[in-house]
Amino acid sequence: MNVTKETAICVSLAAQPGESGRRFHNEGYEALGLNFVYIPLKVTGNLEAMLDVVKDNFKGCSISMPHKRAAFDYLNAHNHHIDRYAVRTESVNTIYNDGTSLMGHNTDTNGAREALKTVELKDDDKVILIGAGGVARAIAYSLKDKADLYIVNRTNETAMNLAKKLKVKWLPYVALQHEEGKLLINATSVGMKDPNECPIPLNSIDKYDVVMDVVISSSPTLLMQEARRLNKKAIPGKVMHVYQAAEQFKIYTGKKLPDNFVWKKLEEARA
């Protein structure tokens, strides 16, 4: 790609930058012949200073763990536009720069909804959601009126506070080993650094019909490996990522990716 001063630059800000977003967006730009480039950046310190740089230089910005709440707080404090999904979740994972102001979005909500659309849930189906960060909040909002949702987090008070806000239930972390249900979702970073880590005991995975992970990794996480070994319906993190990234792409460029491009990415994600 020939980057010139007319090239629109989009970046991602993450403590642990991955390759999935870079490949997805840049291949999408190439497919549509757009003069855009997407660059992942590692940010572990002052997010506010980095967002000031975004405001003055970049067309779009993806926000990943653990900065989504901080991005929301920044945009809110500086009176930038925030869409309803970001307001509801108090979490921003996508920022668009229209040249005069920043616009915060949360595409994780749509990503979760689409990733789970093949899972038939009833009001009394028990869903265990592990995590209480930005991704967990987005997933919780997409599920809270469709099933019997329980929030679990290593810090019990955090789980309790989020459950109260969403008007759903919560469970202490130690209870995980005794629980069972229709759907288990890992919305934490467990398995990202160490592929041999799992958010719940391996012998508990068999207590669920469907298992979903949000962790994006080059190979299946231990949670996904075990779910597949047990013939459970397994939804890897890359599936949700494809759906949310496709919406990000449209926000950044104003263009919709071809269906065959998205389908190909979904096939790769489920492999």
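The values are calculated or read from the model by the stated rules, or taken from the named source; none is laboratory data. Values in this document were obtained by computation on a predicted structure and should not be read as measured data. Cβ coordinates were reconstructed from backbone atoms using ideal geometry, including for glycine residues, and neighbour counts include every protein chain displayed.
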Candidates LYS193, LYS182, LYS256, filtered to the one that is in contact with a Lys or Arg (Cβ under 7 Å, 6 or more places away or on another chain) and in a loop (DSSP other than H, G, I, E, B)
LYS256
Got a sec? Which of TYR29, TYR96, TYR38 is at pLDDT 95 or above, touching a Phe, Trp or Tyr at 6+ places or on another chain (Cβ under 6 Å) and hydroxyl-bearing (Ser, Thr, Tyr)?
TYR29
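Out of VAL3, VAL54, VAL87, VAL37, report the one residue that is farther than 30 Å from VAL211 by Cα, β-branched (Val, Ile, Thr) and part of a helix (DSSP H, G or I). So that I can check it myself, show each step before the final result.
Working: VAL3 fails: part of a helix (DSSP H, G or I); VAL87 fails: farther than 30 Å from VAL211 by Cα; VAL37 fails: part of a helix (DSSP H, G or I).
Just a single option satisfies the conditions, and that option is VAL54.
Of a type in the set (A, V, I, L, M), touching a residue at least 60 places away in the same chain (Cβ under 8 Å) and surrounded by 14 or more Cβ atoms within 10 Å (Cβ to Cβ): which single residue out of ALA234, ALA227, ALA245, ALA269 fits that description?
Checking each option against the conditions leaves just ALA245.
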Could you figure out which of (1) closer than 20 Å to PHE261 by Cα; (2) touching a Pro at 6+ places or on another chain (Cβ under 9 Å) isn't true of GLY33?
(2)
Quick check: is even one residue across the stretch 210-219 at pLDDT 95 or above and surrounded by fewer than 22 Cβ atoms within 10 Å (Cβ to Cβ)?
yes
Right, VAL174: more than 21 Å from GLN244 (Cβ to Cβ) and either modelled with pLDDT of 95 or more or not assigned by TED's automatic domain parsing to the domain that holds LEU121 (or both) or not?
no
